[in-house]
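S.K.: Got a structure for you, written out below as structure tokens; questions coming shortly.
The values are calculated or read from the model by the stated rules, or taken from the named source; none is laboratory data. This one's a predicted model, so the numbers in the text were calculated from it and none came from an experiment. Counting neighbours? That spans all protein chains shown, and the Cβs are built from the backbone with ideal geometry, glycine included. Heavy atoms of the whole protein, side chains included, go into the accessibility calculation; ligands, DNA and RNA do not. Shrake-Rupley method; radii C 1.70, N 1.55, O 1.52, S 1.80 Å.
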Amino acid sequence: MSEAAVGQRRIDGRTLRAERTRRAIVDAHLALLEEGDLKPTAERIAERAGVSLRALWTNFKDMERLFAAAGARLMERQLAEHRPVPQELPLPQRIQVYCEQRARLLELIAPAARAARLREPFSAALRHNRTWYVTNAREELEKLFADELDRVGGNTAGGGANAREESLHALTVATTFASWSMLRDELHLDVDAATAVLRRAVTALLQPGTADGTPDAEA
């Protein structure tokens with residue numbers, strides 16, 4: 001093997017080890033959040049990852065960079081778990097499938113989201129992560145329920161673009177973590193009960209006048 005090849009192999013090996021260390025640190029951070037430690041120290045994260053504190057700061061120059069990497073990992077997990085809801089389904093089934101999946105994804109990010117609320121005012125990385133989640137959720141709603149949003153806008157007194165936009169705002173609020181946290185952390189509902197409330201809220205916004213989450217006789 002040539003000297004150049006040996007050198008490249010060494011570089012590749014160091015890169016791989018560094019990536020493994022970074023992944024171990026990010027995974028340790030997320031694991032501590034999932035266990036309820038909402039403000040884990042760098043020392044605890046390094047200990048959990050099985051690396052030195054020096055290795056943590058070598059790979060992440062500050063906590064902001066660790067927050068950004070953890071947020072990226074959660075985004076990867078959420079995208080991996082996401083399955084597009086078939087748009088050809090009738091509205092009640094579309095709402096049901098969407099809300100069941102939405103509940104699973106909200107539970108997935110819940111530990112990190114709870115922790116983020118404590119640090120967001122001081123962290124640009126965490127605010128960026130939250131903006132990504134809200135924007136992604138809003139885009140999915142607008143695509144999945146485009147026809148219903150158009151219909152709500154057209155049928156509402158003084159309808160049109162403003163009514164459609166207001167309905168989309170309301171759906172975004174109902175289906176993102178702030179509302180989910182109210183159901184789970186403040187009202188202490190279990191996942192099934194919280195999902196039922198989520199489904200009722202989405203149904204009420206898309207099918208005004210429907211009380212129980214199923215279409216009325218005229219729907």
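S.K.: With a Förster radius of 35 Å, plug the Cβ-Cβ distance of ARG54 and MET182 into 1/(1 + (r/R0)^6) and report the FRET value to the nearest 0.05. Before the final figure, lay out the partial values.
M.R.: Working: r = 42 Å, r/R0 = 1.19.
Calculated transfer efficiency: 0.25.
S.K.: Provide the gained length on full extension for the span GLU76 to ARG23, in nm with one decimal, where the gain is 0.36 nm per separating residue minus the Cα-Cα distance.
M.R.: 17.8 nm
S.K.: Ignoring any ligand, DNA or RNA, what whole percent of the accessible area of region 40-167 comes from carbon and sulfur when the probe is 1.4 angstrom?
M.R.: C and S fraction of accessible area: 52 percent.
S.K.: Another question, if that's okay. Could you provide, to the nearest whole Å², the per residue accessible area of region 55-96 with probe 1.4 Å? Please list the in-between numbers first.
M.R.: Working: 2330 Å² over 42 residues.
With all protein chains present, region 55-96 gives 56 Å² per residue.
S.K.: Using alpha-carbon pairs under 8 Å, 6+ residues apart, how would you state the relative contact order of region 36-193 in percent? Mind showing how you got there, number by number?
M.R.: Details: 90 pairs, mean separation 30.9, N = 158.
After rounding, I find 20 percent.
S.K.: A follow-up question, please. Quick query: amide H of SER123 versus all other amide H atoms, modeled in the peptide plane; which residues come in under 5 Å with a sequence gap of 5 or more or a different chain?
M.R.: Those lying under 5 Å, H to H, from SER123: there are none.
S.K.: Could I ask something else about it? Counting only the backbone N, which residues of region 114-139 are under 19 Å from the spot 7 Å out from the Cα of GLU64 toward its beta-carbon?
M.R.: So the set is 116-132.
S.K.: Moving to a separate point now. Any idea how far the Cα center of region 110-155 sits from the one of region 60-74, in Å?
M.R.: With region 110-155 and region 60-74 each reduced to a Cα centre, they are spaced 20 Å.
S.K.: Which GluC sites (Glu not before Pro) does region 17-59 hold that lie in a coil by DSSP with at most 16 other beta carbons within 10 Å? Before the final figure, lay out the partial values.
M.R.: On the way: sites: GLU19, GLU34, GLU35, GLU43, GLU47; in loops: GLU35.
Qualifying residues, ordered by number: GLU35.
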